[in-house]
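Q: I'd like to ask some things about the structure below.
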Amino acid sequence: QRTEERGRISAIPEEGEKGPEVLHLPVRVDAGRALRIAGIEGEPTLRFIPHWRYRVVSDGEKPFRDRVISFKSEERGAVNAINGMRIEMPLDTAEMSAIPADAELVGPRSRKEDVEESIINALTERLTQRIRIKTEKGDAIFYEDKAFKPERRDIRIDTEMVYVPVWQIRGKKIVEVNGFNGEILSLPMDEGVEVL
């Protein structure tokens, strides 16, 4: 039994021991507070969930008859790299530092290229303008709908991985608490967790 206890003790990280250095939001909520927020008894585990933080900029314009159609736009945001959902939380306060040695660093499931393509497609769709053109031929009037959209070469995107700390409390049910702002997550950040 002592050997078993020794094994367990050695698995506990020593004071000052750190995990890998990654770009992440700071952990402002400790395990005790996360348990109180969750309102259940259970085992808290600190997990760092990957997100793609992006900034996408569109330029360019197209002349049409007596006007110019502009495609100027700038958008910032983040996409969960596990389930692909966009999050509203700003990730500007992320910092590069070591995470706790006993925390779990969750790997991304989505590829950077696929996420960028999806963001660019959504922006292109949003900036596309449909104009109805009226043409008169003799007594007849014809209407034609024409779509104007930005060129791919006029769109630039910067993407980087940022991790969000999440306390996962496993008790009679699983509750996830954001380790940065203390909010209870209504949807799990990881697909493998039941929806509450």
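The values are calculated or read from the model by the stated rules, or taken from the named source; none is laboratory data. Note that the coordinates shown come from a computational prediction; the quantities given were computed from them, not determined experimentally. Cβ: placed from backbone, ideal geometry, glycine included. Neighbour counts: every protein chain shown. Only protein heavy atoms, including side chains, enter the accessible area calculation; ligands, DNA and RNA are left aside. Shrake-Rupley method; radii C 1.70, N 1.55, O 1.52, S 1.80 Å.
Q: Do you know which residues across region 3-23 are open to solvent by 90 Å² or more (accessible area, probe 1.4 Å) and modelled with pLDDT of 95 or more?
A: Result: Glu21, single match.
Q: I need the full set of residues from region 61-85 which are buried (at least 17 other Cβ atoms within 10 Å of the Cβ), assigned to a strand (DSSP E or B) and either out of contact with any Lys or Arg (no Cβ under 7 Å at 6 or more places or on another chain) or of a type in the set (Asp, Glu) (or both), in order please.
A: Asn80
Q: Find the residue count for region 101-121, including only residues that are free of Cβ contacts under 8 Å to residues at least 60 places away in the same chain, surrounded by 13 or more Cβ atoms within 10 Å (Cβ to Cβ) and not in a loop (DSSP other than H, G, I, E, B).
A: Matching residues across region 101-121 total 2.
Q: Kindly establish whether Arg53 is closer than 30 Å to Asn121 by Cα, without any contact (Cβ under 8 Å) to a residue 24 or more places away in the chain, part of a strand (DSSP E or B) and of a type in the set (Lys, Arg).
A: no
Q: Follow-up. Does region 24-41 hold any residues that are open to solvent by 30 Å² or more (accessible area, probe 1.4 Å) and not in a helix (DSSP H, G or I), and which are they?
A: Matches in region 24-41: Val27, Arg28, Asp30, Gly39, Ile40, Glu41.
Q: If you don't mind, another one. Looking for something open to solvent by less than 90 Å² (accessible area, probe 1.4 Å), in contact with a strand residue (DSSP E or B) (Cβ under 8 Å, 6 or more places away or on another chain) and among the small types (Gly, Ala, Ser) - is there at least one such residue anywhere in region 122-129?
A: Looking through region 122-129, none of the residues is open to solvent by less than 90 Å² (accessible area, probe 1.4 Å), in contact with a strand residue (DSSP E or B) (Cβ under 8 Å, 6 or more places away or on another chain) and among the small types (Gly, Ala, Ser).
Q: Here is a further query. List every residue pair whose Cβ atoms sit under 8 Å apart, with the two residues 6 or more apart in sequence or on different chains, where the first one lies in region 175-187 and is in contact (Cβ under 8 Å) with a residue 12 or more places away in the chain and outside any loop (DSSP other than H, G, I, E, B) and the second, anywhere, is charged (D, E, K, R) and open to solvent by 80 Å² or more (accessible area, probe 1.4 Å).
A: Val177/Glu183
Q: Within region 132-147, can one find any residue that is open to solvent by 80 Å² or more (accessible area, probe 1.4 Å), in a loop (DSSP other than H, G, I, E, B) and modelled with pLDDT under 90?
A: Yes, the conditions are met somewhere in region 132-147.
Q: So, in region 86-100, exactly how many residues are open to solvent by 40 Å² or more (accessible area, probe 1.4 Å) and in contact (Cβ under 8 Å) with a residue 40 or more places away in the chain?
A: Matching residues across region 86-100 total 4.
Q: Another question, then. If I go through region 155-168 residue by residue, how many of them are more than 22 Å from His24 (Cα to Cα) and either modelled with pLDDT under 95 or open to solvent by 80 Å² or more (accessible area, probe 1.4 Å) (or both)?
A: The qualifying residues number 1.
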